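What follows is a short report on a single structure.
All of the numbers you see were taken from the coordinates with simple rules; none came from a lab. All of these numbers come straight from a predicted model, not from anything done at the bench. Cβ sites come from the backbone with ideal geometry, for glycine too, and all protein chains shown count toward neighbours.
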Protein chains: 2
Amino acid sequence: MSDDILDPEPFTVPAGFAPLNWRRGFGQVMGTLYDRAEADGGFTRAFLVEERHTNGMKNCHGGMLMAFADMVFGHSVSLTRKDHHWVTIRMLTDFISPAALGDWVEGTSEVVGRDGDLYTSRGRIWVGGRAVLTGTGIFKFATPRKASR
Amino acid sequence: MSDDILDPEPFTVPAGFAPLNWRRGFGQVMGTLYDRAEADGGFTRAFLVEERHTNGMKNCHGGMLMAFADMVFGHSVSLTRKDHHWVTIRMLTDFISPAALGDWVEGTSEVVGRDGDLYTSRGRIWVGGRAVLTGTGIFKFATPRKASR
C-alpha cells in the first residue's frame, strides 16, 4: 500500500522475439534480453528499458547501453563459432540519441573483418526508426564452451 | 542446504574507500562501487568482482567493465561541474587483460581536453599492478541535477 509501488505499463514482447534465459552472472543482472532470427540470416537482439536500467535523467544509462552493445556486437561473431567463448578486445561506441524509460531497444551487428582469431563487427542500436548507438567491436575467441551451460 | 550456496570469501574494503549509495537505476544494479579521494586531487573508483558480474568463464563480463569504464571516465568530467548531469558521447575501450571473480578492480581518469560543452577524458582500469582496460571518453553536460537526489 505504498504509493511508490506502481503497476508497470502493460508490455507485449514484439512478435518473433524469445527471451534469453541467462540465469547467472552479468547476463542475468542486466535483465532479460530477447533475440529474433531474421529472414536474411541476421538477428535482432532487444531489451525493454526498465527503471533499473536508468540514469538520473530516467534515460537508459550509458553503461547499460555499452554493455548491451558488447552483447550485440559480439553476437554476430559468436554465431560464426558457437562452441567457443569470445572475449572483447576493443569497443568503439558512439551515442547518437537517448533511449528512454519504457523504450524497446533493438540492435544488430555483422562481421566485417577477420584476421586470424580476431574478428571485427559493426553494430547499431535503435529505438523504432531512431538511431541510438553505433560502433565497432573487435573480439577474439577464447576457451571452448562447456557442453552443459 | 544446497551445495551451490557457498560462503562468500571474506572481504575487507581497502583503506580509504567509501561505498557509493546509489539506490536507484543502473548504478544500483551494477552493484556497490567505491570511491577514494587521492592526495593529488584525483580519485580512485573501485568494485569487487562478484559472481553476478561474471561471464561464462568466471571473469568479469566485458559489458560490466565497459559500464564501469563509463562511470570512471565520466567521473573526472563530473568533478568539474557537480551540479549537472552529463551524457556519454563516445567511448573507446581497449581490453588489456581479464579481471577475475574476486578481484578488486580500480580505475581513474583525468580530463585531457575541452571544446565548449564537450569534455574528453582518458582513463584506465587495473587490478593490482596489472592493466585491465584503457581508453578515452567524450562527455557532454546535460540538464542540472536536482538538489535532492
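Of the residues A:Arg52, A:Arg36, A:Arg23, which single one is basic (Lys, Arg), surrounded by fewer than 21 Cβ atoms within 10 Å (Cβ to Cβ) and in a loop (DSSP other than H, G, I, E, B)? Break it down into steps so the answer makes sense when it comes.
Working: A:Arg52 fails: in a loop (DSSP other than H, G, I, E, B); A:Arg36 fails: in a loop (DSSP other than H, G, I, E, B).
Residue meeting the stated conditions: A:Arg23.
Aliphatic (A, V, I, L, M), in contact (Cβ under 8 Å) with a residue 12 or more places away in the chain and touching a Phe, Trp or Tyr at 6+ places or on another chain (Cβ under 7 Å): does that describe A:Ile89?
On the way: aliphatic (A, V, I, L, M): yes; in contact (Cβ under 8 Å) with a residue 12 or more places away in the chain: yes; touching a Phe, Trp or Tyr at 6+ places or on another chain (Cβ under 7 Å): yes.
Judged against the criteria, A:Ile89 is a match.
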Q | Residues located in the range B:73-91, provided they are under 15 Å from the mean Cα position of the chain (by Cα) and farther than 14 Å from A:Ser97 by Cα | A | B:Phe73, B:Gly74, B:His75, B:Ser76, B:Val77, B:Ser78, B:Leu79, B:Met91
Q. Which ones in the range A:91-137 are surrounded by fewer than 20 Cβ atoms within 10 Å (Cβ to Cβ), touching a Leu at 6+ places or on another chain (Cβ under 7 Å) and of a type in the set (A, V, I, L, M, F, W, C)?
A. A:Leu92, A:Ile96, A:Trp104
Q | Residues satisfying the stated conditions in the range A:77-132, i.e. of a type in the set (Lys, Arg) and in a loop (DSSP other than H, G, I, E, B) | A | A:Arg81, A:Lys82
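Among A:Thr120, A:Thr93, A:Thr44, A:Thr88, which is in contact with a Gly (Cβ under 9 Å, 6 or more places away or on another chain), of a type outside the set (Gly, Ala, Ser) and under 23 Å from B:Leu118 (Cα atoms)? Give the derivation first.
Details: A:Thr120 fails: under 23 Å from B:Leu118 (Cα atoms); A:Thr44 fails: under 23 Å from B:Leu118 (Cα atoms); A:Thr88 fails: under 23 Å from B:Leu118 (Cα atoms).
When all the criteria are applied, what remains is A:Thr93.
This table checks each residue for (1) at positive phi; (2) touching a helix residue (DSSP H, G or I) at 6+ places or on another chain (Cβ under 7 Å); (3) facing another protein chain (nearest Cβ under 8 Å).
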residue: B:Val49; (1), (2), (3): no, no, no
residue: B:His53; (1), (2), (3): no, yes, yes
residue: B:Val72; (1), (2), (3): no, no, no
residue: B:Asp83; (1), (2), (3): no, no, no
residue: B:Arg90; (1), (2), (3): no, no, yes
residue: B:Gly102; (1), (2), (3): yes, no, no
residue: B:Val111; (1), (2), (3): no, yes, no
